[in-house]
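Input: a single structure, listed below in structure tokens.
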Amino acid sequence: MVYVAEDLKAVVEQAFTKLRGLDVVTLSHRPRPDRWTIKEVIGHLIDSCANNHQRFIRAQFTTELAFPRYEQNQWVNAQHYDQVEWADLLELWRRYNLHLAHVISHISPAALNTRCVVGDYPPMTLQILVEDYVVHLKHHLSKIDERLSD
């Protein structure tokens, strides 16, 4: 899983460099009432990191992991990410992902086939769960890029 960890680190560092200079107006702009601000998207990605951190560790010590679904809107709303200083929020996102890359790089190969069931989603292996984490992160970062280029 070292290749996934290295990819995650590279994506995070590149995005961090691009995002750290954004202004308050850009960060707090809500494109529609039902859409997140950029600060909330980064908050969502912190939540994703936290949930997946638990999954990646716990799956290494069992034959099957059953984990609750992540209720993303409730998590984002409860944490009021728009009220957090941008530098602090972005640094938390960066540091947590760098730690998660460290965790990923040390997952035992024997654990990669652990069956993981998250909420009502179809079962998948730990390896697929880890790979999907980075795909999910890249998806949200590309959506931020689209906003910035509009």
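Bear in mind that the values in this text are calculations on the coordinates, not laboratory data. All values derive from a computational prediction rather than experimental measurement. Heads up, the Cβs are rebuilt from the backbone with ideal geometry, glycines too, and the neighbour counts pull from every protein chain shown.
Laid out as a table, the results:
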| item | result |
| --- | --- |
| Positions within the stretch 82-110 being among the aliphatic types (A, V, I, L, M) and under 15 Å from Tyr133 (Cβ atoms), in sequence order | Leu98, Leu100, Ala101, Val103, Ile104, Ile107 |
| From the options Trp86, Trp75, residue that is free of Cβ contacts under 8 Å to residues at least 60 places away in the same chain and out of contact with any Ser or Thr (no Cβ under 7 Å at 6 or more places or on another chain) | Trp75 |
| Residue within the stretch 51-69 that is part of a loop (DSSP other than H, G, I, E, B), of a type outside the set (D, E, K, R), surrounded by fewer than 19 Cβ atoms within 10 Å (Cβ to Cβ) and over 18 Å from the mean Cα position of the chain (by Cα) present | yes |
| The stretch 1-17: number of residues that are surrounded by fewer than 16 Cβ atoms within 10 Å (Cβ to Cβ) and in contact (Cβ under 8 Å) with a residue 24 or more places away in the chain | 3 |
| The stretch 90-118 - residue that is surrounded by fewer than 15 Cβ atoms within 10 Å (Cβ to Cβ) and either among the small types (Gly, Ala, Ser) or within 13 Å of the chain's Cα centre (by Cα) (or both) and, of those, farthest from Thr17 (Cα to Cα) | Ala110 |
| Hits in the stretch 46-75 (condition: within 27 Å of Pro109 (Cβ to Cβ) and among the aliphatic types (A, V, I, L, M)) | Ala50, Ile57, Ala59, Leu65, Ala66 |
| Residue within the stretch 19-32 that is under 21 Å from Asp145 (Cβ atoms), under 12 Å from the mean Cα position of the chain (by Cα) and surrounded by 13 or more Cβ atoms within 10 Å (Cβ to Cβ) present | no |
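For (1) within 15 Å of Val41 (Cα to Cα); (2) part of a helix (DSSP H, G or I); (3) of a type in the set (S, T, N, Q), each residue gets a yes or a no:
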{"position": "Leu89", "(1), (2), (3)": "yes, yes, no"}
{"position": "Arg94", "(1), (2), (3)": "yes, yes, no"}
{"position": "Ala110", "(1), (2), (3)": "no, yes, no"}
{"position": "Pro122", "(1), (2), (3)": "no, no, no"}
{"position": "Leu148", "(1), (2), (3)": "yes, yes, no"}
